[in-house]
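See structure below.
The values are calculated or read from the model by the stated rules, or taken from the named source; none is laboratory data. Just so we're clear, the structure is a prediction, and the values are computed from it rather than from any experiment. Cβ placement follows ideal geometry from the backbone for every residue including glycine, while neighbour counts extend to all protein chains displayed.
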């Protein structure tokens, strides 16, 4: 049996309903390795959304819930969703080492991906919430903290991925949102790069949403981006 070669892309299924999410997933899964279910879709549809988008596609699940609470609560939440068997589950690194460690220990078969600084956040926004220095400094501090607490993956913008790779070494999975094909609208992302550049700088998995799901033919859009990376 021939294995299917899929691009290192996680398609963000930020859909208004389960039917749309399932349709997008069916269109893109021949071409990409991962589908991402975010907080909005998970809250709207509940755990049943996982079966709806995975079907029998064989792709992996990225459960992007960005957990951020006291360690005990995060541990409980991580344990609860671990039964859905996601490959990745996000938590906020800014919750601290104890919180990240609680998630890691509660879901040992899941790769905990710690979010450093959201790609929608600019240097001005960081300053306004009391975090001094440019985004890169905050990202590197949070990356080191999260990996030290056991996170197996990190989420950072493509603008910081090379520095984070240098900071944490080759064995941590780096996931980069804020990826836009050349000429695409950045929309609400403040720190972006092209797919090829993000991979060249050290990313392992690219999160791409609206450039694929907003296309007239999401399957064709996914195939086009994937072909350029394989």
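Here are some notes:
- Test set (1) in contact (Cβ under 8 Å) with a residue 12 or more places away in the chain; (2) within 27 Å of residue 149 (Cα to Cα) - residue 80 fails condition number: (1)
- Some residue of the stretch 181-199 being within 17 Å of the chain's Cα centre (by Cα), at pLDDT 95 or above and either farther than 23 Å from residue 60 by Cβ or surrounded by 18 or more Cβ atoms within 10 Å (Cβ to Cβ) (or both): no
- Test result for residue 15, in contact with a strand residue (DSSP E or B) (Cβ under 6 Å, 6 or more places away or on another chain) and farther than 22 Å from residue 117 by Cα: no
- Residues of the stretch 34-53 satisfying the condition of being buried (at least 19 other Cβ atoms within 10 Å of the Cβ) and without any contact (Cβ under 8 Å) to a residue 24 or more places away in the chain: none
- Per-region count, the stretch 54-72, residues surrounded by fewer than 19 Cβ atoms within 10 Å (Cβ to Cβ), part of a helix (DSSP H, G or I) and in contact with a strand residue (DSSP E or B) (Cβ under 8 Å, 6 or more places away or on another chain): 0
- Condition check for residue 81: closer than 18 Å to residue 103 by Cβ, touching a helix residue (DSSP H, G or I) at 6+ places or on another chain (Cβ under 6 Å) and crowded, with 18+ Cβ neighbours inside 10 Å: no
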